[in-house]
Amino acid sequence: RPCVLYLEHDSEEILRFSRSVAMSDYSNVLRVVLSVEEARAYIEGQGCYEYREEYPDPDLIVSEMNLPDGSGNDFASWLRELDRYRNIPLVFFARAFGPEEKKRAEELGAAAFVLKPEKPELQEERINTVLKFFPKKTGE
């Protein structure tokens with residue numbers, strides 16, 4: 001089953017994203033991790049994430065740029081070193097992007113940069129923009 005991995009530490013952002021995904025046209029699985037360290041454990045299938053039936057490999061990764069233990073770029077740099085995950089779409093979904101952050105993310109193969117809206121009524125629209133990067137499976 002398709003899976004979106006969302007790296008975010010703000011509980012309100014997680015709630016908004018989860019609600020929008022639930023109301024979207026995508027019948028995907030959303031898995032949330034709160035830090036770069038937790039994201040690495042998820043990708044490597046360590047700890048509770050070893051159960052791939054419950055925690056499948058992601059088909060799309062959505063990341064906040066600023067996380068408690070590093071940046072989205074730190075995670076992207078590590079992820080792109082793994083052959084298996086080199087081509088998974090990575091979308092940054094954040095309040096702001098500094099020019100150097102954005103340049104580095106582009107070098108790491110980020111698929112897109114989507115600004116989190118200030119107005120709640122735009123949230124669903126922005127999240128649908130993010131989900132457009134969800135890869136279509138063959139035969140759909």
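The values are calculated or read from the model by the stated rules, or taken from the named source; none is laboratory data. Bear in mind that the values here come from a model prediction, so they are computed numbers and not experimental data. Cβ: placed from backbone, ideal geometry, glycine included. Neighbour counts: every protein chain shown. These accessible areas exclude ligands, DNA and RNA; they are computed on the full protein's heavy atoms, side chains included. Shrake-Rupley method; radii C 1.70, N 1.55, O 1.52, S 1.80 Å.
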Quiz prompt | For the chain: accessible area per residue (Å², 1.4 Å) | solution = 55 Å²
Exercise. Pull up the DSSP beta bridges for the chain and report the antiparallel fraction as a percent, rounded to 5.
Key: 10 percent
Exercise. Could you sort 10-16, 92-98 so that the peptide with the highest average Cβ count within 10 Å comes first and the rest follow in order?
Key: 92-98, 10-16
Self-check item: Which of Glu38, Glu100, Glu50, Glu8 is most accessible, then next, and so on - probe 1.4 Å
Solution: Glu100, Glu50, Glu38, Glu8
Self-check item: Alpha-carbon Rg/Rh ratio, for region 81-140, with Rh computed the Kirkwood way
Solution: 1.03
Quiz item: Hey, of (1) 57, 25, 23; (2) 38, 34, 30; (3) 46, 30, 27, which did the structure itself give for Cα extents along the principal axes in Å when calculated?
Solution: (2)
Quiz item: Extent of region 8-88 along each principal axis, from alpha carbon coordinates, in Å, largest to smallest?
Solution: 34, 28, 25
